[in-house]
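Single-structure report; data block below.
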Amino acid sequence: MRKYFFLLTGAFYMTAALSCSGGKNQGNDTAVSTEVVEVNVPAFNADSAYQYVKQQVDFGPRVPNSAAHVACGDYLASELERHGAVVTSQYADLQAYTGTILKARNIIGSFQPENKKRVLLLAHWDSRPWADADPDPSKHRTPILGANDGASGVGVLLEMARLFGQQQPNIGVDIMFVDAEDYGSHAQDDTYAGEESWCLGTQYWARNPHVPGYNARYGILLDMVGGQQPTFYREYTSERYAKGVNQKVWNMAKKLGYGNYFIDQRGGAALDDHVFVNQIANIPTIDIIPHDPTGRYSFDPNWHTLKDDMSNINPATLGAVGAVVTHVIYNEK
Ligand code: AHN
Ligand code: ZN
């Protein structure tokens with residue numbers, strides 16, 4: 001258990017449940033007291049998160065309409081259920097820009113579904129059908145394993161689901177695994193198919209929420225959070241729609257000693273699931289996604305290549321991101 005302290009100063013005194021001082025201050029109700037409130041945050045287990053990433057990658061590429069995709073979707077839903085979530089599967093036939101109809105499935109695990117105070121955590125669970133950024137042009141139509149691009153965010157959220165199952169936070173949480181994020185415009189196409197070719201599952205959910213009128217205080221999207229040596233900058237659209245959430249997360253990272261991963265500066269813009277959550281569902285949502293300040297690569301050196309396999313995953317990175325987001329959630333009141 002990692003413990004973490006908040007200093008509260010005020011003219012009130014702590015209830016027995018919050019106090020660990022064994023009654024020393026009893027009857028002292030006129031005094032202005034300074035008390036330490038302990039927020040108990042369970043320890044995020046990076047090795048467990050790593051195993052959750054590996055479990056997904058072991059299915060092979062999770063490309064919509066494949067058998068591996070169906071099997072992995074069942075696995076994700078059953079894991080959420082095992083940890084005590086109420087699971088909703090949203091099945092939809094979504095048309096890719098290629099014309100292909102994708103049998104898509106968004107998977108939502110709701111913890112404390114009756115709680116009005118909610119936070120949304122999301123990651124895409126599909127993997128890209130084409131290694132269109134691979135250095136070898138003969139691989140440009142080969143599906144990728146998407147260890148970092150897809151499985152990493154889901155792995156971190158499954159580990160958080162395990163923690164929620166053991167110890168409830170003060171708020172309700174919806175963990176959403178969105179489908180068909182990565183079926184967007186192929187890099188070698190003559191014309192760009194447009195922004196709407198990406199994030200099909202999220203676009204569908206934002207127009208058809210799993211609960212009518214669904215709302216949350218804010219959302220956090222995790223994308224490529226398991227690479228070898230990433231730096232996370234405050235992403236442009238996140239900053240525009242959810243500046244306070246960026247602040248909350250980057251401050252927490254600093255406090256926990258992860259300022260080497262979470263650089264408290266503005267980064268570039270990423271077209272990603274959070275854009276549609278912000279613009280269609282109107283839930284202020286940030287994207288935790290790598291940014292390379294040198295501009296030598298996009299997001300991850302192995303992005304959309306066949307090298308995005310388990311060797312691309314560093315448990316320490318999963319652990320850093322997982323600890324930060326876990327602390328943010330358990331500190332909500
Ligand atoms: C684009 O490059 C258009 N979007 C980045 C979002 C993404 C792709 N995340 C994972 N794969
Ligand atoms: Zn991708």
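The values are calculated or read from the model by the stated rules, or taken from the named source; none is laboratory data. In this text the structure is predicted, and so the values were computed from the model without any measurement. Neighbour counts are summed over all protein chains in view; Cβ atoms, including those assigned to glycine, are modelled from backbone coordinates with ideal geometry. Surface areas here come from the heavy atoms of the whole protein model, side chains and all, with no ligands, DNA or RNA. Shrake-Rupley method; radii C 1.70, N 1.55, O 1.52, S 1.80 Å.
Structure summary
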| read-out | value |
| --- | --- |
| Members of segment 187-203 found to be buried (at least 21 other Cβ atoms within 10 Å of the Cβ) and assigned to a helix (DSSP H, G or I), listed by number | Leu200, Gly201, Thr202, Gln203 |
| When residues of segment 134-174 are limited to those that are among the charged types (D, E, K, R) and more than 15 Å from ligand 1 (Cβ to nearest atom), the one most open to solvent (accessible area, probe 1.4 Å) | Arg141 |
| Matching residues in segment 177-193 - criterion: being among the polar types (S, T, N, Q) and either more than 13 Å from ligand 1 (Cβ to nearest atom) or over 24 Å from Tyr91 (Cα atoms) (or both) | Gln188, Thr191 |
| Test: Asp126 is in contact with a helix residue (DSSP H, G or I) (Cβ under 8 Å, 6 or more places away or on another chain), open to solvent by less than 30 Å² (accessible area, probe 1.4 Å) and touching a residue at least 12 places away in the same chain (Cβ under 8 Å) | yes |
| Segment 170-186, residues that are of a type outside the set (Val, Ile, Thr), in contact with a strand residue (DSSP E or B) (Cβ under 8 Å, 6 or more places away or on another chain) and assigned to a loop (DSSP other than H, G, I, E, B) | Asp179, Ala180, Glu181, Asp182, Tyr183 |
| Segment 271-316, residues that are in contact with a helix residue (DSSP H, G or I) (Cβ under 7 Å, 6 or more places away or on another chain) and of a type in the set (Gly, Ala, Ser) | Ala281, Ala316 |
| Filtered residue count, segment 52-78, keeping only those that are surrounded by fewer than 18 Cβ atoms within 10 Å (Cβ to Cβ), among the polar types (S, T, N, Q) and in contact (Cβ under 8 Å) with a residue 12 or more places away in the chain | 2 |
| Subset tally (residues that are in contact with a helix residue (DSSP H, G or I) (Cβ under 8 Å, 6 or more places away or on another chain) and either open to solvent by less than 60 Å² (accessible area, probe 1.4 Å) or within 16 Å of ligand 2 (Cβ to nearest atom) (or both)) for segment 204-229 | 11 |
| Selection count where residues are farther than 11 Å from Gly227 by Cβ and either aliphatic (A, V, I, L, M) or in contact with a strand residue (DSSP E or B) (Cβ under 6 Å, 6 or more places away or on another chain) (or both), scope segment 281-319 | 10 |
| In segment 113-123, residue surrounded by the most Cβ atoms within 10 Å (Cβ to Cβ) [restricted to those that are of a type in the set (D, E, K, R) and under 19 Å from the mean Cα position of the chain (by Cα)] | Arg118 |
| Close pairs from segment 291-302: first at positive phi, partner open to solvent by 50 Å² or more (accessible area, probe 1.4 Å) and not in a loop (DSSP other than H, G, I, E, B), Cβ under 8 Å, at least 6 apart | none |
| Residue, farthest from Ser185 (Cα to Cα), within segment 250-287, restricted to residues that are touching a Phe, Trp or Tyr at 6+ places or on another chain (Cβ under 7 Å) and open to solvent by less than 10 Å² (accessible area, probe 1.4 Å) | Ala253 |
| Some residue of segment 176-184 being without any contact (Cβ under 8 Å) to a residue 40 or more places away in the chain, within 21 Å of Asn278 (Cα to Cα) and away from ligand 2 (no atom under 16 Å from the Cβ) | no |
| Test result for Ala206, in contact with a Phe, Trp or Tyr (Cβ under 8 Å, 6 or more places away or on another chain), of a type outside the set (Val, Ile, Thr) and in a loop (DSSP other than H, G, I, E, B) | no |
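Conditions (1) in contact with an Asp or Glu (Cβ under 8 Å, 6 or more places away or on another chain); (2) open to solvent by 30 Å² or more (accessible area, probe 1.4 Å); (3) modelled with pLDDT of 95 or more; (4) among the acidic types (Asp, Glu), marked per residue:
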| position | (1), (2), (3), (4) |
| --- | --- |
| Gly10 | no, no, no, no |
| Thr15 | no, yes, no, no |
| Gly22 | no, yes, no, no |
| Ala43 | no, yes, yes, no |
| Asp47 | no, yes, yes, yes |
